[in-house]
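K.L.:
Handing you a structure now.
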Amino acid sequence: MNAPRNPAIHPKLTDALRIAVTRKAADARALLAQALAEFGDRLAFANSLGAEDVAITHLACSAHLPLETFLLDTGRLPAETYSLLARLEARYKTRFKLYFPDAGAVEAFVAAHGIDAFFESVELRRACCRVRKLEPLKRALTGKQAWITGLRAAQSPTRDGLATREWDEANGLVKFNPLADWSEAEVWAYIRMNDVPYNTLHERFYPSIGCAPCTRAISLGEELRAGRWWWEAPQSKECGLHAKT
Ligand code: SF4
């Protein structure tokens, strides 16, 4: 029996949707170009290879915008994500910069708390995210004055009211969210219209993909990030990369 197809990632490409997406893509590309003109090599794109991030990759690469792009390799990413990374690098003839966690810090954390400590408490989950994501992010952003993310306001209650340009107090940087006002259907329409490579887990009802043990598929009616740290309350479901402190 064939696996069910995820309808959310196969939106009907009506003329109205195509027109809306083409307009939003032009706006997003203009924002990227403007960010690059303003910040140059002090700007970096944090690419987690989600649907929004592959859309931004295409927006930038198809316009030959030389965006420095990095990925945080936590060491716990799904195999499908590494496969996507290779496909993107081949398609766009580029190389992403990978940041890995400090080996000693991971060894100490696992020795103290176990390999899957994140299931035990929000504190331990945040501690794991600190070691595997936040510390590498800090290194990735050293010397930067601005960064680009694929956040969208509609993704979760914690992202309500997101602007395309905002001050990121936690990191002391300007943050650009070029897809802030895009809907999920618009992101997928853009991916389909441009045949952009994407993570095959999306076909299996994973709208938001992070580390393998902390991500599951969602069911009909669940909010988009319900599959991330599904054992926690919605308000705690951020890894700290986009904290509003
Ligand atoms: S998402 Fe899970 S495995 Fe990945 S860094 Fe956070 S707690 Fe650790």
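Quick note: the coordinates plus some simple rules give every number you see, no bench work behind them. From a predicted model like this one, the values you see are computed outputs, not experimental measurements. Note: ideal-geometry Cβ built from the backbone for every residue, glycine included; neighbour counts use all protein chains shown.
K.L.:
If you restrict to DSSP beta bridges whose two residues both lie in the chain, what percentage is antiparallel, to the nearest 5? Don't jump to the answer; show the numbers that get you there.
P.N.:
Details: 5 of 17 bridges.
Within the chain, antiparallel bridges account for around 30 percent of the total.
K.L.:
I need the phi-derived Karplus couplings for the stretch 120-132: 6.51 cos²θ - 1.76 cosθ + 1.60, θ = phi - 60°, integer Hz, Gly and Pro marked x.
P.N.:
7, 6, 4, 4, 5, 5, 5, 5, 5, 4, 5, 5, 8
K.L.:
Sort His58, His10, His64 by Cβ crowding within 10 Å, fewest neighbours at the top. Numbers along the way, then the final one.
P.N.:
Working: His58 22, His10 13, His64 6.
Exposure proxy ranking, most exposed first: His64, His10, His58.
K.L.:
Same structure again: Towards the positive end of the charge dipole of the stretch 101-213, with charges on Cβ (+1 Lys, Arg; -1 Asp, Glu), say which of Leu134, Phe119, Ala154 has the farthest Cα.
P.N.:
Ranked along the dipole, the leading option is Leu134.
K.L.:
Related question: Please arrange Leu88, Leu13 by how many other C-beta atoms lie within 10 Å of their C-beta, fewest to most.
P.N.:
Details: Leu88 23, Leu13 14.
Lowest count first: Leu13, Leu88.
K.L.:
Please give the charge dipole size of the chain, origin at the Cα centre, charges +1 on K and R Cβ atoms and -1 on D and E Cβ atoms. Round to the nearest 20 debye.
P.N.:
Values: 32 positive and 29 negative charges, 76 e Å.
Once rounded to the nearest 20, the dipole reads 360 debye.
K.L.:
Tell me the mean residue ellipticity at 222 nm calculated for the chain from its helices only (DSSP H runs of n ≥ 4, each -39500 (n - 2.57), averaged over every residue, nearest 500).
P.N.:
Details: 7 runs with 88 residues, N = 245.
The helix-only estimate for the chain comes to -11500 deg cm²/dmol at 222 nm.
K.L.:
Can you give the Kirkwood hydrodynamic radius of the stretch 7-236 from its Cα pairs, in Å with one decimal? Write down the numbers at each step before the final one.
P.N.:
On the way: mean 1/r = 0.0545 Å⁻¹.
Evaluated over the stretch 7-236, this radius sits at 18.4 Å.
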